[in-house]
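Chemist: Input: one structure, supplied below.
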Amino acid sequence: MKFCQGPDCHMHKTKDRIKGTKGSKTYQTRRRSKFYYGNGNFCDQRCLYDWIAQYIEQGLDHFGRTTQAKHLTQDNAWEKDYDWDWRSSTQSNWRYVNSITKEQRPLTEAQYNDTNYTLNINTGE
Ligand SMILES: [Zn+2]
């Protein structure tokens, strides 16, 4: 069981947040075995956005702000793709596609599924 990380979770007045013994009931932070928002840390979108509203400036200062435009060039435009056949529910034609040049390079299914596999662009593989 873990607690929702929303800083104001206990402020959102819903019946399921009322806990405690008769005469001393309070609205409390939600506690569940599993949450589905914000990487499993928040009970709902409202609590996730409460957290963002409170901590976004600190987060940007800590992890670094984008201070100049990033560029998508043909060197970092490679994306994995495959064809999907709806009738047989099968994949085929795994490939890297360059979204700038439209160049394609074939992949095996294992290479597609390997999140560490990348094209070695510098050697022109
Ligand atoms: Zn919450």
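The values are calculated or read from the model by the stated rules, or taken from the named source; none is laboratory data. All values derive from a computational prediction rather than experimental measurement. Heads up, the Cβs are rebuilt from the backbone with ideal geometry, glycines too, and the neighbour counts pull from every protein chain shown. All accessible areas refer to the heavy atoms of the entire protein, side chains included, with ligands and DNA or RNA removed. Shrake-Rupley method; radii C 1.70, N 1.55, O 1.52, S 1.80 Å.
Chemist: Would you call residue 79 open to solvent by 90 Å² or more (accessible area, probe 1.4 Å) and within 30 Å of residue 116 (Cα to Cα)?
Modeler: The answer is yes for residue 79.
Chemist: Using beta carbons and a limit of 7 Å, which pairs, at least six apart or on different chains, have the first residue in the range 39-63 and within 13 Å of the ligand (Cβ to nearest atom) and the second one open to solvent by less than 40 Å² (accessible area, probe 1.4 Å) and in a helix (DSSP H, G or I)?
Modeler: Cβ pairs passing all conditions: 42/48; 43/9; 47/9.
Chemist: Give the range 7-45 a look and list any residue that's surrounded by 14 or more Cβ atoms within 10 Å (Cβ to Cβ), within 17 Å of the chain's Cα centre (by Cα) and not hydroxyl-bearing (Ser, Thr, Tyr), or say none.
Modeler: Answer for the range 7-45, where residues must be surrounded by 14 or more Cβ atoms within 10 Å (Cβ to Cβ), within 17 Å of the chain's Cα centre (by Cα) and not hydroxyl-bearing (Ser, Thr, Tyr): 35, 38, 41, 42, 43, 44.
Chemist: For the structure I just gave you, tell me whether residue 88 is away from the ligand (no atom under 16 Å from the Cβ), touching an Asp or Glu at 6+ places or on another chain (Cβ under 7 Å) and under 30 Å from residue 108 (Cα atoms).
Modeler: No, not satisfied.
Chemist: Got a number for residues in the range 1-29 being under 23 Å from residue 54 (Cβ atoms), β-branched (Val, Ile, Thr) and away from the ligand (no atom under 11 Å from the Cβ)?
Modeler: 1
Chemist: Give just the number: which of (1) more than 16 Å from the ligand (Cβ to nearest atom); (2) touching a strand residue (DSSP E or B) at 6+ places or on another chain (Cβ under 8 Å) does residue 35 not satisfy?
Modeler: (1)
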